[in-house]
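Values quoted throughout were computed directly from the atomic coordinates according to the rules given, and no laboratory measurement underlies them. Since the model is a prediction, treat every value here as computed from it, not as a measurement. With ideal geometry, Cβ positions are generated from the backbone for all residues, glycine too; neighbour counts draw on all protein chains shown.
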Amino acid sequence: MAGQREYFYRRLHSLLGVVPIGIFLVQHLVVNHFAVYGEESFNTAAGFMGNLPFVLLLEIFIIYLPILYHAILGVYIALTANYSLKNYGYFRNWMFALQRITGLITLVFIAWHVWETRVQIGLGNAEVEYSLMEGILSSPFMLWFYLIGVISTVFHFANGLWSFCVSWGITQSQKSQRVLTYVTVFVFLAVSYLGVRTIIQFAFGV
Amino acid sequence: MAEQSTITFIITRQNDPNSDPYEETFNIPYRKNMNVISGLMEIQKNPVNANGEKTTPVMWDMNCLEEVCGACSMVINGTARQSCAALVDTLEQPIRLEPMSTFPVVRDLIVDRERMFDALKQVKAWIPIDGTHDLGPGPRMPEKKRQWAYELSKCMTCGVCLEACPNVNDKSNFIGPAAISQARLFNAHPTGEMNASDRLEGLMDEGGISGCGNSQNCVQVCPKGIPLTTSIAAMNRATNIQAFKNFFGSDNAH
Ligand code: HEM
Ligand code: SF4
Ligand code: FES
């Protein structure tokens with residue numbers, strides 16, 4: 001049984017990527033999208049999330065600890081693979097490499113994003129408000145950083161859903177795996193739209 | 001009339017398991033319908049490199065010469081495959097031969113595939129039928145199941161899928177796709193099924209199935225067309241169910 005610790009750790013890693021982290025990601029982008037309906041809407045929606053009871057406990061157990069675990073093991077997994085796109089340039093091998101590269105980009109993005117928003121709010125230097133993001137995204141560098149960060153995170157999530165379904169043995173046949181590829185491409189496009197649309201709203205007010 | 005009278009091989013050689021690899025180039029006379037092994041045989045007959053220097057003959061492994069034993073795998077122009085089935089006419093010149101990098105080199109193009117046999121032991125890829133008395137004929141297998149199980153049984157432990165797998169390397173202890181598919185084969189067998197959990201436990205052990213990251217290179221390169229990724233997904237499902245049975249308890253956890 002002791003020998004099965006690795007199996008358990010890897011399955012936990014896979015599960016956490018979807019529940020709760022993936023669900024949180026989609027929820028986060030949906031709530032932020034309220035910005036498109038106006039400053040008022042965004043502040044109400046974000047205020048509702050920020051005023052949930054036990055919000056710090058919820059954050060720690062649904063967001064911080066799962067992401068920390070997933071990220072640490074994720075970096076280890078990413079660094080213990082060989083990348084062989086030159087000789088084996090198949091579609092899934094590309095997705096394999098991109099899953100790991102976007103994981104690393106996502107890590108940098110999330111760390112900076114949390115520092116700049118949640119930590120500053122916690123320290124009392126900022127408020128959960130429309131103007132916070134408006135300020136951050138007024139810099140062209142930050143705009144690109146957020147665009148790349150969000151798209152990379154969403155790619156990682158969508159392609160992660162695909163491999164999640166294989167890791168858990170849900171999609172076994174070649175056909176179901178192929179159909180799931182189309183479904184996850186759709187998830188990638190749809191969730192990316194949410195994120196990018198919100199960024200455009202904050203950056204350009206349209 | 002051959003358009004070219006010689007062909008060129010650039011071979012990565014190594015004198016023994018501990019020495020450094022080096023490249024040596026050979027020009028050999030072209031014949032029609034040559035495969036890589038017949039080229040190597042030419043070099044063996046006349047071990048003179050492209051500089052005209054006499055050298056040691058290049059060593060390689062082979063047995064069946066018809067793509068069923070798996071012994072002759074090597075990396076040919078960047079991709080791992082069987083040298084007996086690699087026709088010179090279909091290859092780009094110069095032909096580069098290297099030993100498979102996933103395995104320790106014994107000499108030149110000969111590698112030691114022992115880790116694959118260790119992996120088969122880890123997942124108990126056999127059917128234990130020896131007992132103190134005659135067990136009689138085993139149960140029959142449904143024909144439809146036999147058909148797909150037969151495909152899995154074609155594995156020749158050639159190692160090409162391990163070589164192509166980004167997660168089989170010296171930084172990880174992943175056993176690779178071949179043994180996972182073999183566990184599925186023996187679990188599909190009506191007698192083998194009686195020890196199904198032993199194989200699943202092997203897959204859940206260190207270096208087991210969780211090392212798979214779904215690059216799916218294996219299924220692209222397998223010379224036998226074995227549906228390795230279907231096997232991996234099937235064994236993911238089976239090991240997960242087994243893990244739940246083990247934890248919560250089940251009378252069907254055998
Ligand atoms: C918003 C943040 C994140 C989400 C929603 C997320 C989601 C996922 C999902 C759903 C999977 C698929 C699990 C599977 O293959 O079974 C996955 C895999 C992976 N994640 Fe993340 N992840 C996030 C952040 C990160 C970070 C920061 C890293 C750090 C590098 C990372 C590295 C990885 C790696 C390497 C895999 C592949 C694991 C494997 O194939 O076994 N992820 N992620
Ligand atoms: S599964 Fe295919 S590629 Fe892998 S060892 Fe068996 S025959 Fe070779
Ligand atoms: S010699 Fe047997 S597969 Fe090539």
Q) Among rounded, prolate and oblate, which fits chain B when a ≥ b ≥ c are the square roots of the eigenvalues of its C-alpha gyration tensor, a/c under 1.5 means rounded, and a/b larger than b/c means prolate? A) prolate
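Given a Förster distance of 45 angstrom, what is the FRET efficiency for residue A:182 paired with residue B:59, based on the Cβ-Cβ distance and rounded to 0.05?
0.40
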Q) With point charges of +1 on the Cβ of Lys and Arg and -1 on the Cβ of Asp and Glu, referenced to the Cα centre of the protein assembly as shown, which listed residue (B:217, B:110, A:206) lies farthest in the positive direction of the dipole? A) B:217
**Q.** Whole-Hz ³J(HN,Hα) from phi, Karplus 6.51 cos²θ - 1.76 cosθ + 1.60, for region B:128-137, glycine and proline x
**A.** x, 10, 6, x, 7, 9, 5, 7, x, x
Q: Please work out the C-alpha center-to-center distance from region A:26-48 to region B:201-254 and express it in whole Å.
A: 42
**Q.** Spatial separation of Cα centroids for region A:75-91 and region B:4-44, in angstrom
**A.** 29
Q. What angle, in degrees between 0 and 90 and rounded to the nearest 10, separates the Cα long axis of helix A:140-167 from the longest principal axis of the Cα atoms of chain A?
A. 40
Q) Points 7 angstrom from Cα along the Cβ direction at residue A:49 and residue A:98: gap in nanometres? A) 2.5
**Q.** Amide hydrogen neighbours beyond the local backbone of residue B:111, cut-off 5 Å, H modeled
**A.** B:106
Q. Karplus couplings for region A:77-87 from phi (6.51 cos²θ - 1.76 cosθ + 1.60, θ = phi - 60°), rounded to Hz, Gly and Pro as x?
A. 4, 5, 7, 9, 9, 9, 9, 10, 5, 4, 8
Q) Any idea what the relative contact order of region B:199-254 is, in percent, if you count C-alpha pairs under 8 Å spaced at least 6 apart? A) 33
(Q) Rounding to the nearest 10 and keeping the result within 0 to 90°, find how far the Cα-based axis of helix A:39-50 lies from the longest principal axis of chain A. (A) 60
(Q) With N set to the number of residues, divide the alpha-carbon radius of gyration of region B:6-111 by 2.2 N^0.38 Å and report two decimals. (A) 0.98
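When a/c is below 1.5 the answer is rounded, else prolate if a/b is larger than b/c, else oblate, so apply that to region B:58-195 with a ≥ b ≥ c taken from the square roots of the Cα gyration tensor eigenvalues.
prolate
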(Q) What does the C-alpha gyration tensor say about the overall shape of the protein assembly as shown? Classify as rounded when a/c is under 1.5, otherwise prolate if a/b is larger than b/c, or oblate. (A) oblate
Q | For region A:93-99, 3J(HN,Hα) per residue [Karplus equation, 6.51 cos²θ - 1.76 cosθ + 1.60, θ = phi - 60°, Hz, x = Gly/Pro] | A | 5, 5, 4, 4, 5, 5, 4
Q: In nm, give the distance between the simple-model label positions of residue B:16 and residue B:79, each being 7 Å from the Cα along the Cα-to-Cβ direction.
A: 3.7
Q: For the pairs A:86/B:121; B:145/B:171; A:175/B:154; A:175/B:171, note any where the Cα-Cα span goes beyond 31 Å.
A: A:86/B:121; B:145/B:171; A:175/B:171
Q | For residue B:174, distant residues with modelled amide H under 5 Å away | A | B:169
